[in-house]
Protein chains: 2
Amino acid sequence: MQSVLLFSGGLDSRVLLQKLLEDQQEVFCLSIDYGQRHRKELELAKSVTKKLRLKHEVVSLSGIHSLISGNALTGTAEVPDGHYQEESMKITVVPNRNMMMLSIAIGWAINLKAQAVSYAAHRGDHSIYPDCRPAFIAKMAELATLCDWHPVALYTPFSHFSKTMIVQEGARLNVDFFETWSCYKGLDVHCGTCGTCVERREAFAEAKITDPTIYLKRAA
Amino acid sequence: MQSVLLFSGGLDSRVLLQKLLEDQQEVFCLSIDYGQRHRKELELAKSVTKKLRLKHEVVSLSGIHSLISGNALTGTAEVPDGHYQEESMKITVVPNRNMMMLSIAIGWAINLKAQAVSYAAHRGDHSIYPDCRPAFIAKMAELATLCDWHPVALYTPFSHFSKTMIVQEGARLNVDFFETWSCYKGLDVHCGTCGTCVERREAFAEAKITDPTIYLKRAA
């Protein structure tokens, strides 16, 4: 089985990569440069795929910046501190990011005649990111079978996992979590206070797994 | 009503543009540079939107070339001559092109809080391009309502039109067809023999509308 994986360099997609490898899948990793501040995740994606000797493509969507400005991940708005559930985190929504990334992954899968596209949407994303909701994923899975005469399956085994469950799965698979990136702020180390850092810390604590991440400071 | 239009500079989207303007819609035109040989359509898209004083964005997907190579529109394979229905035209399929383009259009529409994304899929495309089929369009329309908290409608009024009907509609709307581009070969004038040129000529002939297009040569 061949699968194109949306591989950001973040924790979730790193664990999914390891799961696909455990399942003996041939994995083609795709990272999307959509102008995110946190370039560090792309660097980690490159070093991980190089180490594992996997095919890896980085596609630039640099042309879309002017169309999707106003969010905090690509624009000039500041990345908010605090908990993911909070209303303020909605500023980190990049409009339609998942459909853009999946459309490219599906295009590549069609060209490779790969059976599947895998991505690591999980339960914790639902309340903030509309394009991580089960309804979006289910409809996208139906659409992926219609894009070409070669149907592509959408594989999202973590869609009902919490972040904590993903950390536990990663530990089971011996993932080196130090080689994954979550922070949205674009510093050299994880800030420790933005929504995704708070979520990361909580997940390790709840999973009772040692967190190897270096954080700039503790959450308030 | 605001609408983001996928505006290639081709005949179909030019007629749709005129229809949206007739309907008093505020139109935001989006052209996608996916490395197509026929750059002429992008030039025409620019000059038409400039003349009509419409907002126009051209987004480059240059990074995807290596992923979707092998087709005749972006790769090194030769654009075949002959009729659209023929098996050989399948080499002009760019894998998942429509989902890629629509995903960006929907992202822009979400950012603008526009109500709709419009694109000019038509009946004549169905047999060659899987992502122009009614099943694809219907599923994409459902998905477009789920990408964000702001639902976007997909407007495809030509999905059951033949090319001939689009030419007739364009004539009714006084579209200057000379300012539209169909040929896939990337010459300075329409070649007259590739599938899309053959289709264009037949549509004008069948519609009994004068064809202002300059063709390099007559079809065999």
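Throughout, read-outs are computed from the coordinates displayed, never taken from laboratory work. Note that the structure is a prediction, hence the values are computed from the model and not measured. Cβ atoms come from the backbone with ideal geometry, glycine included; neighbour counts cover every protein chain shown.
Distances between copies at B:VAL189, taken between label points 7 Å from Cα along the C-beta direction, are 6.9 nm in increasing order. Taking all Cα pairs closer than 8 Å and separated by 6 or more residues, the relative contact order of chain A comes to 24 percent. Note on segment B:2-207: Cα convex hull, mean projected area over all directions, 10.6 nm².
Split chain A at each of the GluC sites (Glu not before Pro) in a DSSP loop with at most 15 other beta carbon atoms within 10 Å, and the longest piece is A:87-220.
Peptide B:107-114: average number of partner chain Cβ atoms within 10 Å per residue?
5
Treating r as the C-beta distance of B:LEU52 and B:ALA153 and R0 as 25 Å, the FRET efficiency rounds to 0.60. Looking down the axis that turns chain A into chain B, the chain A residue with its beta carbon nearest that axis, and the gap rounded to whole angstrom, comes out as A:SER103, 2.
Straight-line reach from A:LYS217: taking Cα to Cα under 28 Å and skipping same-chain neighbours fewer than 8 places apart, the lysines in range are A:LYS40, A:LYS46, A:LYS90, A:LYS163, A:LYS185, A:LYS208. Take A:LYS217, push a point 7 Å out from Cα through the beta-carbon direction, and compare it with the same point in every other copy: 7.4 nm, smallest first. Report, as a whole number in µm² per second, the diffusion coefficient that Stokes-Einstein gives for segment B:146-220 at 10 °C and 1.306 mPa s using the Kirkwood radius over alpha carbon pairs. The calculation lands on 113 µm²/s. Taken over the protein assembly as shown, the alpha-carbon convex hull comes to 128 cubic angstrom per residue. Short-range pairs are left out: with C-alpha atoms under 8 Å and at least six residues apart, the relative contact order of segment A:97-220 is 21 percent.
A run of chain A free of exposed loop cleavage sites, with trypsin sites (Lys or Arg not before Pro) counted only in DSSP states other than H, G, I, E and B and at most 11 other beta carbons within 10 Å, reaches its longest extent at A:114-207.
Shown for B:LYS55: label points 7 Å from Cα along the beta-carbon vector, and their distances to the equivalent points in the other copies, 3.9 nm in ascending order.
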